[in-house]
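Structure first, then comments.
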Amino acid sequence: MHLPVKSMNFLFCIKLPLYIFFLFFAFFAAGSFNPLFGKDEEGTDKLSPFEKAELKKLVSLDFRNLSKVSIQGVLGYDQEYWRNPASVHVIHPDDITLFGYANTVEALRGVPGMHVSRGLSYDNFASMRNFSGFSTQKFLGKIGGREVTQLMLGSANYSVDDYPIAVIDRIEVIRGPGASIWGTNAVNGVINLVTKHSGDTQGDSIRLLAQDDGTFMGDYVHGGQISEDSFYRVWLRNQEYAEGTLDSGNPARDDGFLRKFGFRFDKELASDLNLYVAGGAATRRLEHVLDFSNRLFYSETLLSDLIPLSYAQQGAALPIFHPLYLDPAKLPPLTSFWSNPNGTIPYPALLTGEVDRFERYGEMTNDSGHIVSKLEGITDSSLERSLTGAIEQTDINMGHLGFEWKQNQYDLAFDANRPIGDSQRLSFGIGYRRTELDVKEHLLEPFSLTPVFNLSPFRALPTSPPILEYDQSFTKFNRFTAYVQDSINLSDEIVLSIGSKFEENDLTGSGFQPGVRGSWNPNGSNVFWLGYSEAHRQPSLRERYTTLNPGRIWYPPGVLGATGAWANKGFVGDESFDREEIDAYEIGWRSRPNEDFLIELSSYYYDTKDAVLASTIETPTAYEAKDAKSYGGELSIDWEVSQFWRIRGGYSLARGEVEGERKFDFPEQTASLRSLFKYSDNLSFTQSLFYADETQIPSDYNPITIPSHLRLDLGLVWRPRQDWEIGLFGRDLLEPYHLETMYPGVDVEPTRVKRTFLLTLYKKF
């Protein structure tokens with residue numbers, strides 16, 4: 001069932017113009033009364049950011065120049081990519097189109113230290129440097145100048161927040177400690193998607209993707225010029241999702257659609273002052289059915305003496321109850337044993353018959369809109385400054401879970417940096433965020449039954465509570481931030497950077513996140529760096545204030561009644577969770593012996609106090625806080641073998657321990673190797689290999705193990721004209737399908753990622 005887009009509410013329509021007016025007034029007032037924001041005294045014109053962008057257009061962004069692209073990195077000011085004293089990976093739009101990626105998050109597969117996997121409804125989950133595989137992401141996501149991490153779930157939905165490839169300038173992936181600049185949740189790193197100046201997107205661009213499973217996506221972008229110094233663009237996206245398949249072979253019932261539009265306006269107000277206003281809206285509708293057959297438990301109060309369980313045989317402690325796997329598609333013979341990640345559970349004597357399927361149908365909806373405005377420029381004293389304001393409204397209804405929330409978010413930030421003499425550069429800034437939530441719960445009907453066989457006592461299920469229940473009445477949160485960082489040139493080769501970020505928020509109080517970083521550039525072709533940062537992660541509202549009701553417990557006759565009885569099973573959040581505190585260490589080396597070759601090697605160690613993790617079945621809480629350690633390293637290589645052949649590869653090793661016990665919620669080893677071979681100026685052949693180790697997906701009661709897999713992608717791209725690309729791609733060619741992920745704590749079965757073929761048509765600007 002497809003629903004129309006909801007109109008923006010009164011609050012959004014009224015506050016938005018007032019907010020933008022305030023933003024403009026504040027900046028213009030500063031420009032009128034403070035010489036800091038005006039021209040220099042002599043009236044000389046410096047290069048504006050727009051003029052700089054025009055100059056960059058004169059440089060072809062092939063591999064030879066990619067390492068020279070300026071990015072903000074971890075120092076708070078722009079610096080050549082290859083000189084950044086941190087683990088950095090830059091993704092150019094051609095890296096997306098030439099390899100057949102449907103969206104930007106798919107391109108992260110080739111980044112060392114990152115793991116991308118697909119769940120239901122074609123959502124892609126991205127995680128970075130271990131202990132990120134759960135729903136809460138431990139890196140900071142920024143898209144188009146705004147922070148996109150949701151306070152409720154602690155994650156970003158990159159499927160909804162994605163942009164057309166034609167408007168993307170680059171994606172900066174910064175791994176490692178950077179909390180002194182980026183702040184809370186930038187624990188493992190930052191992903192920063194930078195969009196193009198609208199003056200760089202003049203004309204029309206179209207991108208069409210059609211997949212053999214029925215998935216379709218179309219983007220249209222149009223840019224124009226209003227005056228000599230004013231430019232605009234508008235864009236539209238239509239995406240249709242096909243139905244996926246679960247591990248059991250049952251349909252995932254996750255078909256639906258995504259509709260989006262966006263705009264951007266750029267104006268050069270003065271030679272040293274530029275303005276852009278951007279925004280957009282999205283609506284997504286997904287059909288969804290949860291199979292609750294694997295969410296049924298039985299009490300072993302009476303059965304434990306009668307049935308020898310492998311838990312006991314293995315010397316492990318017996319939990320109070322065990323999950324029953326009642327999926328007819330996976331039922332073993334009645335006389336056999338059923339295997340699961342926690343051990344082997346004998347088929348209960350109680351179930352000497354056949355079973356029903358227990359399902360819950362619902363629709364997942366997501367309506368959102370945002371607008372962001374930024375004023376930036378350079379003064380006569382070489383002060384680079386910017387003032388950014390943003391408003392975002394989100395309405396998410398997880399109908400299959402009985403849970404809905406609306407969020408209004410308001411951001412205002414000032415950032416600046418300036419040189420002090422010839423050997424010092426100071427970066428500083430302040431910010432404010434207000435988040436307003438309206439959380440609703442809906443009582444669900446009892447589980448619907450899809451009769452397969454007849455099993456009488458299990459038909460009587462109690463009325464279902466919402467699967468997610470929000471247990472707090474207050475829904476308004478404020479956050480204040482301020483940072484300062486000083487980069488000092490101790491010599492021509494050595495740079496020392498020291499800084500800290502202060503934060504005060506309504507959830508975890510106040511705290512400082514200091515950091516120090518040093519780099520050594522001995523000969524102009526090598527960079528060595530080391531860094532330390534004390535980083536914080538704020539637990540999500542789900543972790544603190546929600547109760548999960550994912551399953552039911554069957555108590556056999558004599559326990560709760562003569563005939564047996566069902567009871568609901570819930571896992572509660574813990575509002576005592578304070579912020580996670582991480583001591584993060586990193587050391588690295590990057591070398592560019594010539595313009596054709598770039599190599600980077602880095603290693604990290606994170607010591608986390610009170611890491612919030614998914615609990616085990618033995619505990620009544622959905623999450624638990626434990627001390628954890630993670631460590632590993634990454635290797636990346638960019639090599640332009642010839643003018644016709646380019647290779648880009650990477651390898652990562654990531655290990656984690658929770659109070660001395662190994663954890664595998666992130667692949668221990670991942671590797672990628674991508675090759676681009678140009679047969680001619682208009683014909684290219686791409687090859688990609690991706691490997692991921694076995695992974696355990698955390699769950700509140702039933703962890704799922706995802707086997708290791710090797711993925712091969714091939715592509716052929718033809719350019720009939722300079723601005724046109726036609727591509728044919730085969731993905732996951734080594735096997736009919738493999739498993740990747742699931743929604744932690746919600747969905748039980750992993751998703752089958754099937755072999756697919758993709759046809760693309762792309763007209764560039």
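List the relative contact order of the range 167-277 as a percent without decimals, with contacts defined as Cα pairs under 8 Å and 6+ residues apart. Taking the mean separation of contacting Cα pairs over the length of the range 167-277, I get 18 percent. The ranking of 193, 653 from fewest to most other beta carbons within 10 Å of each one's beta carbon is 653, 193. Between residue 585 and residue 476, the FRET efficiency estimated from the beta carbon spacing at R0 = 35 angstrom works out to 0.40.
Here's how it looks for residue 709: its modeled amide H is under 5 Å from those of 692, which are all 5 or more places away or on a different chain.
Across the alpha-carbon atoms of the range 701-741, the computed radius of gyration and Dmax are 16.7, 55 angstrom. Taking other residues whose beta carbon is less than 11 angstrom from the beta carbon of residue 277, and scoring Lys, Arg as +1 and Asp, Glu as -1, yields +2. Note on residue 422 and residue 682: with the Förster distance fixed at 35 Å, the Cβ-Cβ geometry gives a FRET efficiency of about 0.10. Of 621, 184, 149, the sequence from fewest to most neighbouring Cβ atoms within 10 angstrom is 621, 149, 184. Approximating the spin labels as points 7 Å out from Cα along Cα→Cβ, the residue 443-to-residue 210 distance works out to 4.9 nm.
In a fully extended conformation the segment linking residue 597 and residue 609 would gain 0.4 nm over its present Cα-Cα distance, using 0.36 nm per residue.
Take the Cβ atoms of residue 202 and residue 657, set R0 to 45 Å, and the FRET efficiency comes out at 0.25. Of the peptides 576-584, 533-541, the ranking by mean beta-carbon count within 10 Å, highest at the top, reads 533-541, 576-584. Here the Karplus relation 6.51 cos²θ - 1.76 cosθ + 1.60, evaluated at θ = phi - 60°, turns the backbone of the range 728-733 into coupling constants of 10, 10, x, 10, 6, 7 Hz, with x for every Gly and Pro. Considering only alpha-carbon pairs that sit under 8 angstrom and 6 or more positions apart, the relative contact order computed for the range 619-732 is 18 percent.
In this simple spin-label approximation, residue 724 and residue 486 carry label points 7 Å from Cα along the Cα→Cβ vector, and these lie 6.0 nm apart.
Computed extension gain for residue 691 through residue 673, at 0.36 nm per residue and net of the alpha carbon distance, reaches 5.6 nm.
The simple spin-label model puts a point 7 Å past each Cα toward its Cβ; for residue 229 and residue 532 those points are separated by 4.8 nm.
Among the listed pairs 374/501; 142/374; 196/501; 196/267; 267/501, a Cα-Cα separation exceeding 24 Å is found for 196/501; 267/501.
Laboratory data are not the source of any read-out in this text; all were calculated from the coordinates shown. Nothing here was measured: the structure is a model prediction, and the numbers come from that model. Ideal geometry is used to build each Cβ from the backbone, glycine not excepted, and the neighbour counts take in all protein chains shown.
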